[in-house]
Amino acid sequence: MNEVGLSTTIDTPEAITRDESGSRVITRHNYRCQNSMPANELAFILVLLRERMKPLERRDLILMRDLYPEEEIAEAPRRESYIHFYGFRLDWLRHAARHFILSKINHRELRPTSLPGFISRLQLLETCLREEHADPQIEHVTESFIRERFLNWGNTRKCVGKNWYADVCNLVRYASCYLADRGWPNLMLDKRDLRRVEGMWPGGRGYQLKVTERTIPDDIIEQMFQKLDSLDPVLKRLLILGRYTGMRSADLHALDFDCLKDDPDDPRFMILTFYQSKVQRWNTKPLLREDAAHALVIMTIREQQTEVRQQWEHETKYLFPTRTGDGETTLTGGYTRDAIKKWMLTEGIRTKDGVFWEFGWHGLRHFHGTELALQGHDIALIQMELGHGSADMTMVYINRRLHLKKKALLEKGGGRFIDIKGQVDNKMAALAVRRDATLAVDVPGGLCSLPGQLGEWCEHNRACMTCIHFRADVDQLAFFDQEYAAITDTIARLKQEVAEYRQQGRTRMAEIGEKRLAHNQALFINLTTIIATIKAEGSYRGDTRKYQRPTGSNGGEAHPQAPGR
């Protein structure tokens, strides 16, 4: 090819690497490779045509547009988006994985952006099987293999998160239920095994520490915005929007050109509308013109719209478009992230310890959420601002951080909140700490006084009447009388069920029944105490030890002590 004047050297963009000392540097490499793209494209088209002649449930290569509506699929720069199952070399496992994935897509339980990672996690089962057996078969997939061998295998390799185990368990459960005719055994897997997963996952301390580490430090943000004028204008605008809106990277880069409009009901506001790909819904964010941060967001969007009109000579589909041939697509988060990292390296932006910070778009999102919490905004507003599907995720991202925990610590004996600088935070105290009656929240039959500190949730689900934080008075007496009768019937029924299970030799079900029976018996004891206390004193507090019976009514062994008593 060189003889006819065609170069086979492809100049790649500058890349960030580490030198011999471990420091980050910008390097440029030339890679020599044969241009085989036309041949690859031809092979892909032939395979695609062959697969599209099959029914969907038998295809090993499937276009995304055959699975999802067009508006849910991110535009690919070179060819149509697709998935394939060639990573499964075991035919029986490939068949099960394909049916399982198509079922989840059909029930809208799997998004396009999650699909590649989901498939790769399922492939871990085959990797583990091949290490264990020379010729893996369905018979090798047993309860003990999944619960012991596979779980320990993943923990040893430090697989990230918990889904690598949960997804494989769900695959096995699905195959056991719907693919029994293919030889899959009936397997019963315990969801509580997820507690043995050592990877970081939402709710665990490891994940919380990871969230903290990914949050961009204040000093880095300050340096970046001090030197913002030296950054490419498009990257500068993306940084501003990410900093003051907290959008996810994919949503930020896919903003529509006409995302900003006047509020028809209130001239003081403008409305920013964007699609949240993770939760699959549109989010509408009001921007107050008089607010400095919101005004900056409005100005930034208008500047980008003006520049796009000048360069493209028409209004594009996206606010941050780029050309792919004659078509239009969006800038990718990976490209802009790497460009910003090179800029930070060039500008000498470092932490206080002189360490180069590995910039990531999600760190801006964590920074924005943390800032909202530090400003005293409540959880509901932060959840809406970040677009979280549940308040629990808002807690994990924000309120369980160490420095926010310090804001929620009461000064011993003083009833005051202390901030991270050791000063009394009266605003936080007014928000989160109230008197006993104010702290109490509604629960069936009464109130709960579990302190409403940010990030603390009651772990005693459906067990309020055995909790030390439970409160009740004469207004709930009729309710407790009804509960007394109902629990009496429940205890009698459970005793009969346990006896029947024992007679039938169903030991496991009998053990479960005995645990439920013990819980209801403890609840019965506390319920008796609650009723007696209310009748004697007019109210009940869970930490009251009065009327607790020391022994059983028949003078024999004492009943098991109720939790919190």
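The values are calculated or read from the model by the stated rules, or taken from the named source; none is laboratory data. What you see is a predicted model, and the numbers here were worked out from it, not measured in a lab. Neighbour counts are summed over all protein chains in view; Cβ atoms, including those assigned to glycine, are modelled from backbone coordinates with ideal geometry. Surface areas here come from the heavy atoms of the whole protein model, side chains and all, with no ligands, DNA or RNA. Shrake-Rupley method; radii C 1.70, N 1.55, O 1.52, S 1.80 Å.
See the values below:
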item: Sole exception among (1) at pLDDT below 90; (2) in contact with a helix residue (DSSP H, G or I) (Cβ under 9 Å, 6 or more places away or on another chain) for Val168, by number; result: (1)
item: Top-ranked residue of region 290-327 - restricted to ones that are surrounded by 12 or more Cβ atoms within 10 Å (Cβ to Cβ) and among the small types (Gly, Ala, Ser), ranked as modelled with the highest pLDDT; result: Ala295
item: Inter-residue pairs, beta-carbon under 8 Å, first closer than 13 Å to Ser277 by Cα and in region 98-115, second basic (Lys, Arg), 6+ apart; result: Leu110/Lys104; Arg111/Lys278; Thr113/Lys278
item: Enumerated helices (runs of 4 or more DSSP H) restricted to region 328-396, each holding at least 1 residues that are without any contact (Cβ under 8 Å) to a residue 24 or more places away in the chain and not aliphatic (A, V, I, L, M); result: 333-347, 361-374, 379-386
item: Listing of helices (runs of 4 or more DSSP H) fully contained in region 68-186 that carry 2 or more residues being within 24 Å of Arg281 (Cα to Cα); result: 91-106, 115-132
item: Failed item, numbered, when Ala536 is tested on (1) without any contact (Cβ under 8 Å) to a residue 12 or more places away in the chain; (2) within 41 Å of the chain's Cα centre (by Cα); result: (2)
item: Identity of the residue in region 331-359, among the basic types (Lys, Arg) and farther than 22 Å from Leu319 by Cβ, that ends up most open to solvent (accessible area, probe 1.4 Å); result: Lys352
item: Residue match in region 275-285 (condition: aromatic (Phe, Trp, Tyr) and open to solvent by less than 20 Å² (accessible area, probe 1.4 Å)); result: no
item: Tabulated pairs, region 163-181, first free of Cβ contacts under 8 Å to residues at least 40 places away in the same chain, second open to solvent by 40 Å² or more (accessible area, probe 1.4 Å), C-beta under 8 angstrom, 6+ apart or interchain; result: Tyr165/Leu194; Ala166/Leu194; Cys169/Lys191; Ser176/Pro185; Ser176/Asn186; Ala180/Asn186
item: Qualifying residues in region 362-390 (those that are among the hydrophobic types (A, V, I, L, M, F, W, C) and within 19 Å of Thr215 (Cα to Cα)) - the one surrounded by the fewest Cβ atoms within 10 Å (Cβ to Cβ); result: Leu374
